[in-house]
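> Quick one: the structure is below, questions incoming.
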Amino acid sequence: MSVCRGAATSIFRSLSSHGNENLPYHSIHSNFRRMSTATSQPRFMVYAPDKTEEGTFERRLSVRPTHLETAKDRIENGFIRVGGVLLTPESIATPTSDKKMVGSVFICEAQNIEEVKKMVESDVYYTAGVWDPEKIVILPFIAATPIP
């Protein structure tokens, strides 16, 4: 599981070099800081791709009701703000295409990144071997648009 630290500074610097040349670095940084104070706790983005080995999809389906119940509880208590399943591009090719689930992504609010990591590791998709622990990414997240 990748818990990335120090990425924010490089994001701010890359923004100042992509179409914002006329804005000083501290101006961009200040705008992000103002956006981040809208919530009481930091937000984090979690990218949790599924393993690609045989049987992963079947494991996902077998534990899905438990995962959805846990997610419902975490949404109700304000931990998860928005989340969903990742699909292959072929899944949306036509209205009747089979939906092939390949992972999960969600935005959550927590005191710190370690709290998010513990939550991910306690999810049934993690414990049942659906999510690939080597490819999970957790990063601090600042929304540029409203989040429900």
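Computed from the coordinates by the stated procedures, all read-outs in this text should not be read as laboratory data. Since the model is a prediction, treat every value here as computed from it, not as a measurement. Every residue, glycine among them, receives a Cβ derived from its backbone with ideal geometry; neighbour counts consider all protein chains shown.
> Obtain the nm distance between the two label points defined at TYR47 and VAL82 by a simple spin-label model: each point lies 7 Å from its Cα along the Cα-to-C-beta direction.
Those two pseudo-labels are separated by 1.7 nm.
> Moving on. By average Cβ neighbour count within 10 Å, what is the ranking of 92-102, 108-118 from highest down?
108-118, 92-102
> Need the list of aspartates and glutamates near LYS99 for cross-linking: C-alpha distance under 19 angstrom, and skip anything on the same chain fewer than eight residues off.
ASP50, GLU53, GLU54, GLU58, GLU90
> Same structure, new question: Which residues does a label at ILE92 reach in the range 39-61, if reach means a backbone N under 19 Å from a point 7 Å past the Cα toward the Cβ?
46-50, by backbone N distance to the label point.
> Could you work out how far apart the two model spin labels at GLU134 and SER122 are, taking each label as a point 7 Å from the Cα in the direction of the beta carbon, and quote it in nm?
Result: 2.8 nm between the two label points.
> Sequence neighbours fewer than 8 away in the same chain don't count; with that in mind, list the lysines whose C-alpha is under 22 Å from LYS117.
Output for LYS117: LYS51, LYS72, LYS135.
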